[in-house]
Amino acid sequence: MKIICQKINLLKSVNISLKAVPSKTTMPILECILIDATTNQIKFTTNDMELGIETIVDGIIEEKGIIALDAKIFYEIIRRLPDNTVTIKTDEKLTATITCEKAKFTIPGKSGEDFAYLPLIEKEESLTIFQFTLKEMIRQTIFSIASNETNKLMTGELFEIKNNYLKIVSLDGHRIAIRRMELKKDYADRKVVVPGKTLNEISKILSGEIDDIVNIYFSKNHILFEFDQTIVVSRLIDGEYFRIDQMLSSDYETKIKINKKEFLDCIDRATLLVREGEKKPIIIEITDNSMELRIDSAMGSMNENIDIDKEGKDILIGFNPRFLIDALKVIDDETISIYLVNPKAPCFIRDDEENYTYLILPVNINQNQAR
């Protein structure tokens with residue numbers, strides 16, 4: 001095999017491919033990038049058996065061939081080469097020679113036949129959405145997945161297509177994040193749970209350009225994202241997702257409208273007095289047209305008042321400040337509506353169209369904290 005590529009193109013493709021290389025594995029072949037130049041295209045493929053990526057590299061094929069190279073070493077070599085043309089040549093002993101200007105590296109490779117190829121997915125009906133939209137929907141929900149694997153379903157996000165809407169849902173037992181968008185045409189109803197790791201990596205690769213699209217295909221066990229000469233295939237998480245509709249309510253005793261930035265900045269200031277790992281709630285007291293926020297810790301105390309528009313009853317309630325910050329950071333609206341029932345019931349932050357909904361469970365506060 002002999003291929004010639006510009007360093008910038010190689011580096012871009014290697015960066016994409018690395019996202020499906022496992023950090024630990026008992027199968028050394030999975031630590032490799034498969035360089036496939038057996039057709040008229042140069043393809044890089046990586047696969048950790050949960051997530052697989054195939055991307056096309058711009059370049060010239062002088063001699064067709066295929067080889068698997070250690071992904072981390074290959075990346076470090078390409079990264080450090082001069083910004084010029086790179087030639088990758090292999091011999092019959094599976095040795096790869098990488099040259100650029102006066103630099104020359106020789107590294108051992110492995111047979112491409114040993115590589116675990118991506119599962120084949122029938123590309124029937126695709127869900128087509130803009131890259132920018134998908135990237136935003138992931139950003140606005142991904143913070144709410146669980147990091148540990150005590151419940152596998154919580155480490156993923158629900159993708160539900162129903163009544164011409166795509167809904168993405170995440171939850172971790174303390175909060176729920178929901179983003180919803182209307183689709184441009186009718187699609188068959190569908191519910192799948194996509195691993196959070198997959199969505200994190202996808203959002204890093206997506207260009208996020210307004211006009212660029214991504215096609216999404218589904219099979220029984222996999223989801224496939226296709227965009228910008230790249231294919232990402234991920235295994236789905238098995239199981240029935242939580243019935244979140246039962247957790248959502250339109251009832252409320254108190255509704256407030258508040259300037260989002262002012263609210264976020266205030267909570268952010270309050271957390272200055274909380275050490276990492278320390279569980280100190282932020283106390284929120286809502287009275288007529290005023291919200292007081294208080295926090296007390298070993299480092300000191302802080303209180304601040306914010307103007308609000310209020311409907312309904314006064315309420316005193318406590319929250320984990322991090323959960324409020326996470327939700328507020330991803331809302332783009334200038335003014336937000338918050339719905340509350342009582343000090344022990346979830347609060348809801350949502351817009352009138354319900355394009356986004358954030359449910360946050362309060363924390364118990366004792367009378368010492370309350371005053």
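For region 214-261, trypsin sites (Lys or Arg not before Pro) are listed when DSSP marks them as loop and at most 15 other Cβ atoms sit within 10 Å of their Cβ; the list is LYS220, ARG243. Residues within the reach of a label modelled at ASP332 (point 7 angstrom out along Cα to beta-carbon, backbone nitrogen below 20 Å), restricted to region 120-139, are 128-139. The alpha-carbon atoms of the chain define a convex hull whose volume equals 172 cubic angstrom per residue. Per residue, the accessible area of the chain comes to 51 Å² when a 1.4 Å probe rolls over the protein heavy atoms. Indicate the gyration tensor shape class of region 153-223 (rounded, prolate or oblate), computed on the Cα atoms with a ≥ b ≥ c the square roots of the eigenvalues: a/c under 1.5 is rounded; otherwise a/b larger than b/c is prolate and the rest oblate. Rounded, since a/c falls under 1.5. Rg of the Cα atoms in region 56-139, relative to 2.2 N^0.38 Å, amounts to 1.50. Summary of the geometry: region 216-265 and region 274-339, compared by the centres of their Cα atoms, lie 24 Å apart. DSSP H helices in the chain with Cα extent of 20 Å or more along the helix axis and mean Kyte-Doolittle hydropathy at least -0.5? Long hydrophobic helices here: none detected.
Rounded, prolate or oblate, given the Cα gyration tensor of region 313-356, with a/c below 1.5 counting as rounded? Oblate shape, in that a/c is at least 1.5 and b/c is the bigger or equal ratio. The residues packed around LYS19, meaning those with a beta-carbon under 11 Å from its beta-carbon, carry a net charge of 0 if Lys and Arg are +1 and Asp and Glu are -1. Just so you know, the Rg over Rh for region 21-98 is 0.95, from Cα atoms, with Rh as the Kirkwood radius. Remark: the chain carries a charge dipole of roughly 1000 debye about the Cα centre, counting +1 on each Lys and Arg Cβ and -1 on each Asp and Glu Cβ.
The spread of Cα positions in region 256-307, taken along each principal axis and listed from longest to shortest, comes to 31, 19, 14 Å. For LYS260, a cut-off of 25 angstrom between C-alpha atoms picks up these lysines, skipping any fewer than 8 places away in its own chain: LYS135, LYS167, LYS279, LYS280, LYS310, LYS313, LYS329, LYS344.
The values are calculated or read from the model by the stated rules, or taken from the named source; none is laboratory data. Keep in mind that what you see is a predicted model, and the values were worked out from it rather than measured. Heads up, the Cβs are rebuilt from the backbone with ideal geometry, glycines too, and the neighbour counts pull from every protein chain shown. Each accessible area value is taken on the protein alone, full model and side chains, heavy atoms only, with ligands, DNA and RNA left out. Shrake-Rupley method; radii C 1.70, N 1.55, O 1.52, S 1.80 Å.
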